[in-house]
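A.B. asks: One structure coming up, written as structure tokens, with questions to follow.
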Amino acid sequence: MRAALLTTRKEALSLYRAVIRASVFFVWRDDRGRVWRDVIRESARKEFEAGRGERDPEMVNRLLLTGRDALDQAVSKFLERREAIQREEDEEAKKGGGGG
């Protein structure tokens with residue numbers, strides 16, 4: 001049981017660190033003027049604190065899987081959008097560069 005608890009703790013810390021690392025990409029502001037990076041970090045902290053007292057191993061695993069999936073989806077969408085913006089900028093540069 002102790003080994004499982006340590007493994008779960010390591011997984012939770014790994015996920016939390018991954019969220020913090022990924023949050024640096026979100027530099028724009030929300031409707032209230034807060035930087036999304038800070039909103040994400042605050043939200044993650046609250047979620048992890050709320051889950052801290054959970055003792056049911058199945059629920060802990062579900063929380064970790066859901067969190068990891070949400071992080072993966074957010075980063076994937078961010079990267080897709082960044083690539084789309086880059087393609088748009090490249091197209092604009094081709095159009096603008098050849099006519100002058």
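The values are calculated or read from the model by the stated rules, or taken from the named source; none is laboratory data. What you are looking at is a predicted structure, and each value in this text was computed from that prediction instead of being measured. Cβ atoms come from the backbone with ideal geometry, glycine included; neighbour counts cover every protein chain shown. With ligands, DNA and RNA removed, areas are computed over all heavy atoms of the protein, side chains included. Shrake-Rupley method; radii C 1.70, N 1.55, O 1.52, S 1.80 Å.
A.B. asks: Pairs needed: first member in region 58-79, more than 18 Å from Phe26 (Cα to Cα) and in contact (Cβ under 8 Å) with a residue 24 or more places away in the chain; second member anywhere, assigned to a helix (DSSP H, G or I) and open to solvent by less than 40 Å² (accessible area, probe 1.4 Å); C-beta distance under 9 Å; at least 6 residues apart or different chains.
C.D. replies: Correct list of pairs: Val60/Thr8; Val60/Ala12; Val60/Gly51; Asn61/Thr8; Leu64/Thr8; Leu64/Ala12; Leu64/Leu15; Leu64/Gly51.
A.B. asks: Answer yes if at least one residue in region 1-19 is of a type outside the set (D, E, K, R), open to solvent by 90 Å² or more (accessible area, probe 1.4 Å), without any contact (Cβ under 8 Å) to a residue 60 or more places away in the chain and part of a loop (DSSP other than H, G, I, E, B), and no otherwise.
C.D. replies: Yes, that holds for at least one residue.
A.B. asks: With Arg41, Arg37, Arg52, Arg32 as the choices, which residue is at pLDDT 95 or above and more than 14 Å from the chain's Cα centre (by Cα)?
C.D. replies: Step by step, each of Arg41, Arg37, Arg52, Arg32 is checked, and only Arg32 is at pLDDT 95 or above and more than 14 Å from the chain's Cα centre (by Cα).
A.B. asks: Filtering region 23-50 down to residues that are among the basic types (Lys, Arg) and open to solvent by less than 90 Å² (accessible area, probe 1.4 Å), which residue is nearest to Asp69 (Cα to Cα)?
C.D. replies: Of everything passing the filter in region 23-50, Arg41 is nearest to Asp69 (Cα to Cα).
A.B. asks: Mind checking which residues of region 51-72 are open to solvent by less than 90 Å² (accessible area, probe 1.4 Å) and under 15 Å from Leu15 (Cα atoms)?
C.D. replies: The answer is Gly51, Val60, Asn61, Leu63, Leu64, Thr66, Gly67, Arg68, Asp69, Ala70, Leu71, Asp72.
A.B. asks: Those residues that are in a loop (DSSP other than H, G, I, E, B) and acidic (Asp, Glu), I need them from region 22-42; list them, please.
C.D. replies: Asp30, Asp31
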